Every structure is written in C-alpha cells, then in structure tokens.
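S.K.: Following this message is one structure expressed as structure tokens.
Values in this text are rule-based calculations from the coordinates and carry no lab data. Computed from a predicted model, the values in this text were never measured in an experiment. Note that we place each Cβ from the backbone using ideal geometry, even for glycine, and neighbour counts take in every protein chain shown.
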Amino acid sequence: MSMVPPKNAELPKQASLRGRFAPSPTGDLHFGSLVTALGSWLRARSQGGAWIVRMEDIDPMRTIPGSGERIVAALNAFGLESDEAIVWQSDRLDLYESAFKALKDRAAIYPCHCSRRDLVQFDGIHPSECVGRRKTRTPAWRLCTHDHPLEFNDAVYGPIRQSLRGEVGDFVLRRADGVFAYQLAVVVDDAEQHIDEVVRGADLLDSTPRQIYLQTQLDLPIPNYLHLPLALDASGHKLSKQDRARPVDPSDPMPALHTALTFLGQSIPPTNRVDTLLTEASERFDSEAIPRSAHKHAAMRKD
Ligand code: GLU
C-alpha cells in the first residue's frame, strides 16, 4: 500500500450525513476506542449529521458476552448516544447470506481449503487458486481479486493505492466454520444503513481497498473514508480490547474526553459539563487538525 502525505482534505458540508461507530464487543471500551467513537461522533455532528452505533458481533469466537452492553453504557456515560436503535450483526446473518449468494451466483467467489500454513510459501498472500493440501469438510470462500491498483482518497491520510492481488491476494469472505468475514459484513451493513462516511482507526486503512472492491462487486455505493490516528501503548502497539488495554472510566468522563480531544488535535472547550463540551467541540471541530499516525506500524488485518 502506498501513500502520499497530503494536507488533510477539506471535507464538504453534508447536512444529511450519516456516520457510524462499529465496535467489536471483544472487551471494554478503552482509550483507543473512545478516540474512534468521539472522532466519528464529532465529525457527524459537525455536519449536523446522524451518528449510529453498530455492534460488530459477527464472530462468536471473539465476542465476549456482556461487553457489547458495557460498551454502550460507557459510550452513553461519555455523552455519546446512538441516534438509532443499535443493530447487532448477529441478528443480520440473512443480509450477509444474500450478499454471499449474489457473489456466488456470479462466480465472484470460490471454495478454498488453504490453511495459513499452506500460504506461508506465498508470504501469506493467496496465490489466486486453492493450494490447500488437506481438504476440510467445509471450505472457506474467497473473493477473486484482480491486478489493477485500487485507489481512494482518505480525508486524513490522502491518496491510498493498493494492488489487491499483489498485496493482499484473494481474501476470505466466509470462513470454513461458516462465519462471515468482517470484510463482507461491514460492507453490507455500511450500505444497508446508508452510511455516507466511515470514520474509524487507521489500522483499517489497509482493509479499505478490499471493502471498496467488494462494494463494486456488490453494486453498492462507496462511502467516504476518514481514518483516525491510532492510540498506541508504551511499546508502540495499538491499544486493543483483546489485549485488555485499560478501560476508560465512565464514572469520570471529563479527563478521558479532554485527552481524546487533544489526541485528535482539537481544542478543549472551557466547561465542566459533558454535553456542553461535546456540543462546543463539534461546533469547532477541525478535521484538518487531526494528526496522522504512523499507520504502517499497525498490524494488517487478514480477516
Ligand atoms: N469492528 C471493527 C473493530 O472494532 C471496526 C470496523 C469498522 O469500523 O469498519 O475493529
């Protein structure tokens, strides 16, 4: 993936903008996810738009029971409330199934028995044909990719270019255990929920070309993308719920909100009230002030 450092793009005002925050319920809300929640809320509100929470509990192996509810309670304590009923991906399997079927009918996907081990000789990049040595009872399903580089313009990171076949390879849309991949579910949901702009952490910059390609394969609209800098721990790793990054304290929201605003390059409105702080911060929100992090250090997602 290549990237030219730009000046952050000036974002056009869009009164009906619909933004979203889509956490995976794999642990409690930590500072990194608060930054993403706040950044997406501010960006939507600064445009007078709606902000929608979607719970990405598509993978039962990673979901921690109760953490989705705790994330929502923590968001509310930080003054961040979804404008619409929260949708849970586990309730929407029919939607993913029909997108999957549409791709299958078009022969855009194929069954594959390759394990991670089979792909080691290809540096983890799928060679566009199944080379699996052991046939599993049920295969995974991969999307055929092509050679043409995919490009998009991220509102913070600027022009991004990636060759899917060369840099990612044919990627999994449904795992051998039947679970739909994040890449498929996120694209279906963003379209079904009419999301105009996806604001999320820069660890997902690498996934965006896959999602844009999938949107074109499914004839879905392509939203705008704005990736936020990642909060890293002392050793330079992304804070993550699975690694049990210290949760933020919802009983004392102000300090974490101040730190998150500063992290996003925004000034801090002088008030003791959470609602006033958020409203004023959205009025003075400046997307050009968002710093860019060294996203290359973020682990690339292969799911
Ligand atoms: N559920 C994903 C995560 O928590 C985020 C997906 C997205 O914003 O596209 O990492």
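S.K.: Quick one: angle between helix 67-77 and the longest Cα principal axis of the chain, in degrees between 0 and 90, rounded to 10, please.
M.R.: It works out to around 20 degrees.
S.K.: Give me Rg/Rg_expected for the chain, where Rg uses Cα atoms only and Rg_expected = 2.2 N^0.38 Å with N residues. Write out the running numbers ahead of the final one.
M.R.: Details: Rg = 19.3 Å, N = 303, 2.2 N^0.38 = 19.3 Å.
For the chain, the normalised Cα radius of gyration comes out at 1.00.
S.K.: Okay, moving on. For q = 0.21, 0.27, 0.30 Å⁻¹, what log10 I(q)/I(0) does region 151-200 give under the Debye formula with an equal point scatterer on each alpha carbon and no solvent?
M.R.: Debye output, listed in q order: -1.01, -1.08, -1.06.
S.K.: Name the residue, out of ALA155, ALA77, ALA107, whose mean-square fluctuation peaks in a Gaussian network model built on the chain with Cα pairs under 10 Å.
M.R.: ALA107
S.K.: If you find the alpha carbon centre of region 13-60 and of region 145-194, how far apart are they in angstrom?
M.R.: About 19 Å separates the Cα centre of region 13-60 from the one of region 145-194.
S.K.: What are the extents of the Cα atoms of region 19-151 along their three principal axes, listed from largest to smallest and rounded to whole Å?
M.R.: Result for region 19-151: principal-axis Cα extents of 52, 33, 31 Å.
S.K.: Based on DSSP H runs of at least 4 residues, each adding -39500 (n - 2.57), what is the mean residue ellipticity at 222 nm of the chain after dividing by all its residues, to the nearest 500 deg cm²/dmol?
M.R.: It comes out at -8500 deg cm²/dmol, rounded to the nearest 500.
S.K.: On a 0 to 90° scale, report how tilted helix 253-263 is relative to the longest principal axis of the chain, with both axes built from alpha carbons and the result rounded to the nearest 10.
M.R.: 70
S.K.: For region 192-287, with equal point scatterers placed on the C-alpha atoms only and solvent neglected, what are the log10 I(q)/I(0) values from the Debye formula at q = 0.14, 0.15 1/Å, to two decimals?
M.R.: -0.74, -0.83
S.K.: Let me ask something additional. For ASN224, which sequence-distant residues (separation of 5 or more, or a different chain) have an amide H within less than 5 Å of its own amide H, given hydrogens modelled in the peptide plane?
M.R.: Long-range HN contacts for ASN224: GLU197, VAL198.
S.K.: Same structure, new question: Mind running the shape call on region 97-191? Use the C-alpha gyration tensor, a ≥ b ≥ c as the square roots of the eigenvalues: rounded below 1.5 for a/c, prolate if a/b tops b/c, oblate otherwise.
M.R.: Oblate shape, in that a/c is at least 1.5 and b/c is the bigger or equal ratio.
S.K.: Further question: If you build a Gaussian network model of the chain, linking Cα atoms that sit under 10 Å apart, which residue out of PRO229, PRO255, PRO209 swings the most?
M.R.: PRO255
S.K.: Return the FRET efficiency for the residue pair THR138, ILE86: r is the Cβ-Cβ distance, R0 is 22 Å, and the value is rounded to the nearest 0.05.
M.R.: Numbers: r = 31 Å, r/R0 = 1.42.
FRET efficiency, THR138 to ILE86: 0.10.
S.K.: Could I ask something else about it? Taking square-rooted eigenvalues a ≥ b ≥ c of the alpha carbon gyration tensor, is region 24-99 rounded, prolate or oblate, where a/c under 1.5 means rounded and, failing that, a/b exceeding b/c means prolate?
M.R.: Oblate.
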